[in-house]
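Peer 1: One structure, pasted below without further comment.
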Amino acid sequence: MEVGFAGLGHMGQPMAMNLLKAGHRLVVWNRTPSKAELLAENGAEVAAAPTELARTELIITMLSDDDAVTDLMFERGVLAALPQASIHVSMSTISVALSDRLAEAHRTAKQLYIAAPVFGRPEAARARALYIVAAGADPTIMHCQPLFDAMAQKTFVAGERPSMANVVKLAGNFMIASMLESLGETFALVRKSGIDPHRYLDILTGSLFSAPVYRIYGQLIAESNFEPAGFRMSLALKDMRLALAAADARMVPMPAASLVRDHLVSGVAQGQGDVDWSGLAGICAKEAGL
Ligand code: NA7
């Protein structure tokens, strides 16, 4: 398939590389052009302007946030440049409201739109081990399946309205953030109680908490290894705000999400926006006087 790919950050770059490796033809665009060099060396065509992506039959966006996606699709005119029946696969973690807006705008322009955010860090993206949560019309998702298979180990379908995938993604990221908060609080407790943090982690992951999130993040926290970031604290803060906005729109109280949001605000306000979100545990440690 010929694919237009916008957004070659920590996640987009390895995902685009895996599409190339699977034999798809790629036209790529990134705001900072130097990030496209590696892909160009591996056979991707580099677009001089984002609207050039619109000559492919399908575009993927993997950008940081609502502002970036709005800028690209509406202000820089990519949506207007897309021909009828072309497909936009939005893989960024964006708001439910923007996803609904995109769905409506694409429908009006007689284009197809699905949301397909991912679970997994850049390492997982490199290893083709992401999980994709897709939502939208079934035939469109089926059409995209070969692309998803090139980037991820498994695709889940959340429902027929694209923004349902965004809800699931935001809910999942809140689950991880609240786990980081509780891990951070308990690592502070065990450390101050004189218990070896690695031993504590072995006990947790060898008994009731054997899921990958506990193993992966527990290791980072036990080693206080928060840089370089796999997922920046400033992006995690964005996601907690989006989860709370989605909850607010449905009149769903999420007090734990409010608490985690405030802790992330604290981290970003202290200059840790570019530190990994597992650095939440570092904030807990600091507050415990460690
Ligand atoms: P990164 O590594 O911060 O990359 C973000 C990408 O978004 C990068 O390509 C940026 O371009 C691009 N970006 C940001 N703002 C804009 C605007 N205004 N216009 C165009 N392009 C923009 O994030 P990740 O790859 O870790 O994450 C991507 C998504 O997955 C995000 O939603 C996460 O929450 C999950 P740049 O290179 O800075 O010029």
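The values are calculated or read from the model by the stated rules, or taken from the named source; none is laboratory data. Treat the numbers as computed from the prediction; the structure is a model and nothing was measured. Note that each Cβ is placed from the backbone with ideal geometry, even for glycine, and that neighbours are counted across all protein chains shown.
Peer 1: Mind checking whether some residue in region 36-44 is in contact (Cβ under 8 Å) with a residue 24 or more places away in the chain, in contact with an Asp or Glu (Cβ under 7 Å, 6 or more places away or on another chain), surrounded by fewer than 21 Cβ atoms within 10 Å (Cβ to Cβ) and not in a strand (DSSP E or B)?
Peer 2: From region 36-44, those in contact (Cβ under 8 Å) with a residue 24 or more places away in the chain are 36, 38-39, 42, 44; that's our starting set.
Those still in the list that are in contact with an Asp or Glu (Cβ under 7 Å, 6 or more places away or on another chain) too: none.
Looking through region 36-44, none of the residues is in contact (Cβ under 8 Å) with a residue 24 or more places away in the chain, in contact with an Asp or Glu (Cβ under 7 Å, 6 or more places away or on another chain), surrounded by fewer than 21 Cβ atoms within 10 Å (Cβ to Cβ) and not in a strand (DSSP E or B).
Peer 1: Return the residue satisfying two criteria in turn: it lies in region 76-113 and is in a strand (DSSP E or B) and within 16 Å of the ligand (Cβ to nearest atom), and of such residues it is farthest from the chain's Cα centre (by Cα).
Peer 2: As a first pass, look at region 76-113 and keep what is in a strand (DSSP E or B): 87-90, 112-113.
Those left that are additionally within 16 Å of the ligand (Cβ to nearest atom): 88-90.
Working: His88: 17, Val89: 14, Ser90: 11 Å.
Selected residue: His88.
Peer 1: List every residue pair whose Cβ atoms lie under 7 Å apart, where the two residues are 6 or more positions apart in sequence or sit on different chains, the first residue falls within region 54-70 and is under 16 Å from Leu112 (Cβ atoms), and the second residue, located anywhere, is assigned to a strand (DSSP E or B) and near the ligand (Cβ under 8 Å from one of its atoms).
Peer 2: These pairs meet every condition: Ile59/Ala6; Thr61/Ala6.
Peer 1: Testing Ala49 on (1) surrounded by fewer than 21 Cβ atoms within 10 Å (Cβ to Cβ); (2) aliphatic (A, V, I, L, M); (3) closer than 18 Å to His24 by Cβ, one condition comes back false. Which one is that?
Peer 2: (3)
Peer 1: What's the number of the condition Arg121 fails, among (1) basic (Lys, Arg); (2) without any contact (Cβ under 8 Å) to a residue 40 or more places away in the chain; (3) under 30 Å from Ala177 (Cβ atoms)?
Peer 2: (2)
Peer 1: Follow-up. Can you name the residue in region 1-30 that is within 25 Å of Thr70 (Cα to Cα) and more than 18 Å from the chain's Cα centre (by Cα) and is also nearest to the ligand (Cβ to nearest atom) among such residues?
Peer 2: Step one: of region 1-30, the residues within 25 Å of Thr70 (Cα to Cα) are 2-17, 19, 26-30.
Among the residues that remain, those that are also more than 18 Å from the chain's Cα centre (by Cα) are: 2-4, 26-29.
Working: Glu2: 20, Val3: 16, Gly4: 14, Leu26: 15, Val27: 15, Val28: 10, Trp29: 9 Å.
Selected residue: Trp29.
Peer 1: Right, another one. Please specify each residue of region 59-68 satisfying the condition of being assigned to a helix (DSSP H, G or I) and within 8 Å of the ligand (Cβ to nearest atom).
Peer 2: Step one: filter region 59-68 for residues assigned to a helix (DSSP H, G or I), giving 66-68.
Asp67, Ala68, listed by residue number.
Peer 1: Do we find that Val3 is touching a His at 6+ places or on another chain (Cβ under 6 Å), in contact (Cβ under 8 Å) with a residue 24 or more places away in the chain, among the aliphatic types (A, V, I, L, M) and on the phi < 0 side of the Ramachandran plot in this structure? Give the derivation first.
Peer 2: Working: touching a His at 6+ places or on another chain (Cβ under 6 Å): yes; in contact (Cβ under 8 Å) with a residue 24 or more places away in the chain: yes; among the aliphatic types (A, V, I, L, M): yes; on the phi < 0 side of the Ramachandran plot: yes.
When the stated conditions are applied, Val3 passes them.
Peer 1: Give the number of residues within region 237-272 that are surrounded by fewer than 19 Cβ atoms within 10 Å (Cβ to Cβ), within 16 Å of the ligand (Cβ to nearest atom) and farther than 17 Å from Ser95 by Cβ.
Peer 2: The qualifying residues number 1.
Peer 1: Against the condition in a loop (DSSP other than H, G, I, E, B) and within 23 Å of Asp239 (Cβ to Cβ), how does Thr155 come out, does it pass?
Peer 2: Values: in a loop (DSSP other than H, G, I, E, B): no; within 23 Å of Asp239 (Cβ to Cβ): yes.
No.
Peer 1: Could you list, in sequence order, all residues of region 76-92 that are crowded, with 17+ Cβ neighbours inside 10 Å and closer than 14 Å to Arg107 by Cα?
Peer 2: Leu79, Leu82, Ser86, Ile87, His88, Val89
Peer 1: Same structure, new question: Working only within region 127-152, note down all residues that are in a strand (DSSP E or B) and of a type outside the set (Phe, Trp, Tyr). Step through it out loud before you land on a result.
Peer 2: The initial filter retains those residues of region 127-152 that are in a strand (DSSP E or B), namely 130-135, 152.
Correct list: Leu130, Ile132, Val133, Ala134, Ala135, Ala152.
Peer 1: Here is a further query. Just wondering, is there one or more residues in region 159-175 that are assigned to a helix (DSSP H, G or I), at pLDDT 95 or above and of a type in the set (Asp, Glu)?
Peer 2: Narrowing region 159-175 to residues assigned to a helix (DSSP H, G or I): 163-175.
Checking which are at pLDDT 95 or above leaves us with 163-175.
The next check asks that each one be of a type in the set (Asp, Glu); those that pass are none.
Within region 159-175 (the criterion being assigned to a helix (DSSP H, G or I), at pLDDT 95 or above and of a type in the set (Asp, Glu)), the answer is no, since none of the residues qualifies.
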